[in-house]
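To start, the structure itself, in structure tokens.
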Amino acid sequence: MAKAGAKVDLPSRGTLFAAVGALAVLIVLGVAYSFVVFRALRAQATSETLAADRVQAESASRFIADHQEGLLSLLEVIASRPSLRAALALGDEAALRPFLQPLSDLGRQVAAAWLANPDGSLLAVLPPGATLAGATAAPPPAERRVSGLLGSGVEGNIRISVPVLMDGGSPQAALGIDQPSVFWEEFLLRLISRPGRSYFLFDRQGSLLAAGLAGASLPQETLESLARGLLSNEAGSETEDARALITATADGGVRAFGAAAPVPGIGWTMVVLHEYEAAMAPARALFRSLLLFLSLLLLSVFLLSLLLYQRYRAQQRLLWQLDQQARSLETEVRARTADLAATSARYRDLVEDLPDIVYEVDEAGRFTFVSKAVEAVLGFRPADMLGKTHREFVGPEDRERFESFRTGLTAGQPMSILALRYATKSGGRCWLSLHSRGLFDAQGRLRGRRGVARDVTQQVLADTRIHELSGKLINAQEEERKRLALDLHDETGQILSALKLGLQALARSRPEAAAELERQIQLTQQAMDRTRSLAYNLRPAILDNFGLVPALEDLCDTLADSGRLKVDYSLQEVDESSLPPNVRTTLFRFVQEALTNVVRHSGSGRAEVRLVSGEAQVLVEVRDFGGGFDVAEALDPASDPRRLGLLGMRERLNLVGGRLSIESAPGLTVLKAEVDLGDAA
């Protein structure tokens, strides 16, 4: 470490000359490298432009071919209709126009749709009075055909026609459309995506059908000359491929990249030109940016060398000051360390006096600290547990859950709570509630875990007893419902049936009182219907006699028949032998309560019920399309003690090892009940 007043050696003159020479060599190498990069950029730009033009030409030609082939197919479909041949036999123009209407409705791509005799005379045309391309209508060809340009310029059309064949195969007429060439000019204009690029479409005779020049800076005559030169392979070429080359005018003053591609099945040719200057502009701009970057880099190197020299001088002056500060900090650290030791001792005493167990484990799960409270809870001394894994003291029945919890820790995870059974030293079991947090290093790697364990054995036993009593209460309710339903159906129902039969017999024997007796019979029938409804709501017999799926189908159909709710259901068959009775009853009550809530609260006129059964799980889902509700508020008993339907669903499902999930928003509410058959058995 340098001391105050230490001598600082300056660089020698020879060293400075060597640095200047190295800088000059660096400049020369930078310039040479720039030219090498420029040549590489130019070659790459040429290759990419030629490839892009070829792709553009081939893509456009395929689109044109597919489009025209689609029109030919549409014409053939219309020409093959027997009703068209019948209308042609009648020769009624009004009867023929409806066959032309779908073609006329194609919009701007159809100037006129027509039907003509084999001699060329028109039978019908849409729009009425439309003039076909050319002075007169020539006899149409006897096969499907796409013509070249008829007329000239923007006034020209393209004729697409197919023959209408009689049953013997001879032409009866011709069906066709005249397509304006301006349609393809608009298409080519939409293809333009880069400055300097233009498009030309030629027919099989070499006539220009359409041109897209919105992105070009050269005159149309010059570009058209280049395109025709490429079309006939008469222009100069830097490659042997006539479909992707650099072409030039006769005087060599204008250059452009070009590509030509035939339109399959039509005989047209698509030509794409890209002006040389516009295509090379990005490469040149990149080269200029590179030169500017190298210049700035060299200037920065020069300035940096000066700054480094000045910094070296300043660092020598700072070293002595840093040494003095280090000595002062060392004294302060020793004082702070003593304070930290005293504070740690106070905190350790506080932890040891807590009734809850405070512990810490390393990344392997071995205890590195356990407070003295563990001896009162589990019977082990802290020394008995240090160095041993946490898993050894967890009961065998909870070790799998403990491992899945331990391996799922991530950095930044909030403090987690987990209740597990632990083995005491005397061989018993004790429930501990763990409140712990993972310890991670700066790279997010788990380095251990610190937490507090509280004895909750009495609370768990109380909750278990409450759970058992709830299950017994629900089962007792279901049994009482079943008994009442049977009494209503078998006893009250039979009495009412006998009463109805007696009234009907009395009405037949006393005609003078028939009206009053009929009214009494109707009241008796209403009482019978009400009794059946009460018995069904208490406990549907179909659930016990036929199983869950028939009971759900009957429930959904009954609601639909009542007119209160339309229910669409999809119920997969369930193996009733693997479905315990309490699970069957719980799932039925879940659907019944959910549909009742839809009728009463949702405002939806439609609901969906879905049941999916697997070997280990049954899933039931109820959807409605009403206004939705606040799920947290609905599941809060304190919000409205009278609204306990959802809480009752959740409690029933918990008793059979199931889960309730709810998603609700305006327009859609989904209630799902999942039961693992292994847990419910």
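Just so you know, all these numbers are worked out from the coordinates, no wet-lab data involved. The shown structure was predicted, so the numbers you read here are calculated from the model rather than taken from an experiment. When we count neighbours, we look across all protein chains shown, and the Cβ atoms used for this are built from the backbone with ideal geometry, even at glycine.
Summary of values
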quantity: Region 542-681 - convex hull of the alpha-carbon atoms, volume per residue in Å³; calculated: 101 Å³
quantity: Sorted by Cβ neighbour density within 10 Å, fewest at the top, the residues ARG197, ARG366; calculated: ARG366, ARG197
quantity: Distribution of pairwise C-alpha distances over region 354-452, 5 Å bins, in %; calculated: 2, 13, 23, 29, 19, 9, 3, 1, 0
quantity: Exposure proxy ranking, count of Cβ atoms within 10 Å, fewest first, for ILE495, ILE192; calculated: ILE495, ILE192
quantity: Extension gain, ASN545 back to GLU573 (0.36 nm per residue minus Cα-Cα distance, nm); calculated: 8.5 nm
quantity: Protection proxy ranking of 585-597, 329-341, 299-311, 611-623 - average other beta-carbon atoms within 10 Å, highest first; calculated: 585-597, 611-623, 299-311, 329-341
quantity: R0 of 25 Å, Cβ-Cβ distance LEU354-LYS388: FRET efficiency to nearest 0.05; calculated: 0.70
quantity: Region 354-452, relative contact order in percent, only Cα pairs under 8 angstrom and at least six apart counted; calculated: 28 percent
